[in-house]
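Please treat every number below as a calculation from the coordinates, not as lab data. Bear in mind that the values here come from a model prediction, so they are computed numbers and not experimental data. Glycine also receives a Cβ, built like all others from the backbone with ideal geometry; neighbour counts cover every protein chain displayed.
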Amino acid sequence: MAFKFGQNVGHTLCFTIILFCKHGFIIVCTTLRLFILNYFMFNIFVCLGKTCDPNAVIGSATSFVGFSSAVDSHSLDSTTQRCEYFLNDLDISKGFQPEFEEEFPTSDGPPKIPHNIHQIWISDGKWTQPSIPSTFIPTVRTFLQFNPKWQYFFWTEKNGRKLIQDRHPKLLQLFDTATINVFKADLLRYVVLYEYGGLYADLDTLDIRPLDRVTQRFSCILVPCPWEHSVFETSLPYYLANGEMFCRPKHPFLQRLLSAVEVLKPKSVFGTMLGPLFVTAKFREYKNMPKTTQIYPKRNSTTPYFFNDEDTSLPPEDDIYVPNTRFFLDSSSPSLRSKTLRTCANPNITNPLIARMCYVVKMRGFDRKPGKFTFLTHKFAHSWWPASTKHMKHVTPIAEVVAAENFTCDASEGRCQHRNAQMG
């Protein structure tokens, strides 16, 4: 029996709670000692039967894009031997995922996820008709240009509240009493995906090719944040975004999210509490993942190492697929550029997670251009930041935005379709 103990990591997380008051924003940063025994992380490697090397599973890299050597899989007798891998057991040159370009997995037949695009804008502005900040017009139009046969839904506080009142009345008090718009927008995106299915995308998301292929094979797709975000914002090896989510309607994972929200007390809510960390925690519960973050090294996979794409414990219609970052969310927020480059310029990095992230930055750069098979990229407007509000004051009615792409809208529902498509 061989034992290999990784570095014991005592992580601290700094949660920023944004509170509203009549004088503006008060930002309270509370540092909590969390994840004793390295919850979400890893500190122990156990291999029974023989010493296992995850680097041999993947093979050595002759270049950062593409692996060329050794074995495709690790052959072990599952009845007598077991290998568990953790990120620190993998050479940092392997990064967080196989770095090679391959088309997104798909299949024939009807789509598993309906062709609906959902976008939300909730603000303190009082407008006579549903509108978006004009700065988002170019990104919104890309979805209409590349997906003319899809339905487009635009959600506001008014029609979003009506949907919650009609179909999820237990959530109505929480929605009504929340004073923070990002909280309302997070809650509403889970409701609309549960009821209608499709893609939810933040308004600062850019579509760069048709999305039909994405909807064919999987019933729900969650997208990992860029590695710089997970490392700097959470000190975790990964976390999942909620600014881009694909899912079929009535998916049990979405039900899990809404059930968790139902038990919240109105006075306990704060800005980003329903954001990416919330989605990540519920994903781990849903997939029954161990408290320690294991990896599943494989050669030329379209998924990150932390995601086991061979897990068949859930039926396909209820499962979740996590693709690698290159398809949907590869490049980081410009707000992290200075910190990333300054950190990675240090030749004596001792934190293994930061060292791994810096290797990715060294090989691929910080400003990563879309690849051949990229579908979406994020502009990171950070519209919920107080400093961003000055860019959001000039607005344009959504009906005018979609009309330029030959779409028409039902004003009461916020449902828009191309004029050549039959209204449902």
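Taking a ≥ b ≥ c as the square roots of the eigenvalues of the alpha-carbon gyration tensor, region 190-319 is classed rounded because a/c is under 1.5.
Among 282-292, 322-332, how do they line up by average Cβ neighbours within 10 Å per residue, starting with the highest? Before the final figure, lay out the partial values.
Details: 282-292: 15.0, 322-332: 23.3.
Ranking, from highest mean packing down: 322-332, 282-292.
Toward the positive end of the charge dipole of region 210-333, with +1 on the Cβ of Lys and Arg and -1 on the Cβ of Asp and Glu, the farthest Cα among Thr303, Thr325, Phe232 is that of Phe232. From most to least packed by mean Cβ count within 10 Å, the peptides 185-192, 413-420, 153-160, 341-348 give 185-192, 153-160, 413-420, 341-348. Packing, taken as the mean count of other beta carbons within 10 Å per residue, orders the peptides 212-222, 371-381 from highest to lowest as 212-222, 371-381.
For Lys291, the aspartates and glutamates whose Cα comes closer than 15 Å to its Cα, not counting residues fewer than 8 places off in the same chain, are Glu84.
Just check region 275-338 against the gyration tensor rule for me: Cα atoms, a ≥ b ≥ c as the square roots of the eigenvalues, rounded for a/c under 1.5, and otherwise prolate or oblate depending on whether a/b exceeds b/c.
Numbers: a/c = 1.89, a/b = 1.45, b/c = 1.30.
Prolate.
Taking the number of Cβ atoms within 10 Å of each Cβ as an exposure proxy, the fewest-first ranking of His382, His394, His118, His168 is His394, His382, His168, His118. The shape of region 121-180 comes out oblate: with a ≥ b ≥ c from the C-alpha gyration tensor, a/c is at least 1.5 while a/b does not beat b/c. Listed by chain and number, the aspartates and glutamates whose alpha-carbon sits under 12 Å from that of Lys372, ignoring those within fewer than 8 places in the same chain, are Glu101, Glu102, Glu103.
Longer than 23 Å from Cα to Cα, which of Lys126/Lys184; Lys184/Lys339; Lys158/Lys379 are they? Say none if no pair is. Present the calculation step by step, with values, prior to reporting the outcome.
On the way: Lys126/Lys184 16 Å; Lys184/Lys339 30 Å; Lys158/Lys379 26 Å.
Among Lys126/Lys184; Lys184/Lys339; Lys158/Lys379, the Cα-Cα distance tops 23 Å for Lys184/Lys339; Lys158/Lys379.
What the phi angles of region 349-364 give under the Karplus curve with 6.51, -1.76 and 1.60, with θ = phi - 60°, is a coupling list of 6, 9, 6, x, 5, 5, 4, 5, 4, 5, 5, 4, 5, 4, 7, 10 Hz, glycine and proline written as x.
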